[in-house]
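Shown next, in structure tokens, is the structure this report addresses.
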Amino acid sequence: MNWRFLEQIVELIPGQRAAATAATNFPEELLADHFPGIPVTPGVLLIEMCAQLGGKLVEITASERRGVLILPFLTMVIEAKLRRFVGPGQELRIEAMLEALREESAICAGTIRQEGERIATMSLMFAFEPDGRLDGPKRAAIEKFERGEFLRLGLEGFPPDKVTLRGVTGQG
């Protein structure tokens with residue numbers, strides 16, 4: 001299974017918010033037992049979509065502010081409300097808003113919408129090493145992966161340098 005749920009970041013204002021597109025194009029066998037005859041996207045995958053976008057927003061914001069690449073990791077689902085079933089093949093808009101940024105952690109609010117209707121909301125906490133001290137081959141591998149993800153998602157630049165949407169000027 002591919003764990004890269006975001007298709008493209010369509011809005012980015014570091015320190016404030018981001019939005020992305022995603023789809024529930026999961027392999028049939030993933031939904032076959034959840035629930036038989038009525039395929040429903042597992043809530044944990046919806047949370048992961050928001051975590052991926054919130055993580056990028058935190059990574060960009062914290063890295064720009066500190067001048068070093070900061071790698072956030074989801075550490076807590078503070079709250080999640082799944083308001084509607086999401087079936088296979090659905091197009092979604094994922095939104096993340098930065099609510100708090102501390103030396104070692106951040107909190108983002110996440111919202112998932114389908115055709116403008118809010119289907120899920122959540123509050124997620126991310127933790128990170130505030131000085132970006134992960135060294136050696138592990139850091140090089142993560143950085144290589146992250147650079148590829150930024151390009152795939154339609155971003156230009158890479159933290160701690162300024163990051164913008166590809167082809168968009170005059171961002172906040």
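What to note about this one:
- All positions within region 109-155 that are within 21 Å of Trp3 (Cα to Cα), surrounded by fewer than 12 Cβ atoms within 10 Å (Cβ to Cβ) and touching a residue at least 40 places away in the same chain (Cβ under 8 Å): none
- Verdict on Val68 being under 21 Å from Glu146 (Cα atoms) and either of a type in the set (A, V, I, L, M) or in contact with a Cys (Cβ under 9 Å, 6 or more places away or on another chain) (or both): yes
- Positions within region 17-37 being out of contact with any strand residue (DSSP E or B) (no Cβ under 6 Å at 6 or more places or on another chain) and in contact (Cβ under 8 Å) with a residue 40 or more places away in the chain, in sequence order: Thr24, Asn25, Phe26, Glu28, Leu31
- Residue that is farthest from Gly15 (Cα to Cα), among those in region 89-103 that are over 14 Å from the mean Cα position of the chain (by Cα) and modelled with pLDDT of 95 or more: Gln90
- Matching residues, region 1-34, being out of contact with any Leu (no Cβ under 9 Å at 6 or more places or on another chain) and either under 19 Å from Lys81 (Cα atoms) or small (Gly, Ala, Ser) (or both): Ala32, His34
- Output for region 107-139, where each listed residue is among the small types (Gly, Ala, Ser), out of contact with any helix residue (DSSP H, G or I) (no Cβ under 8 Å at 6 or more places or on another chain) and either under 19 Å from Arg66 (Cα atoms) or part of a loop (DSSP other than H, G, I, E, B) (or both): Gly116, Ala127
The values are calculated or read from the model by the stated rules, or taken from the named source; none is laboratory data. Since the structure is predicted, the reported quantities are computational estimates derived from the model, not experimental observations. Note that each Cβ is placed from the backbone with ideal geometry, even for glycine, and that neighbours are counted across all protein chains shown.
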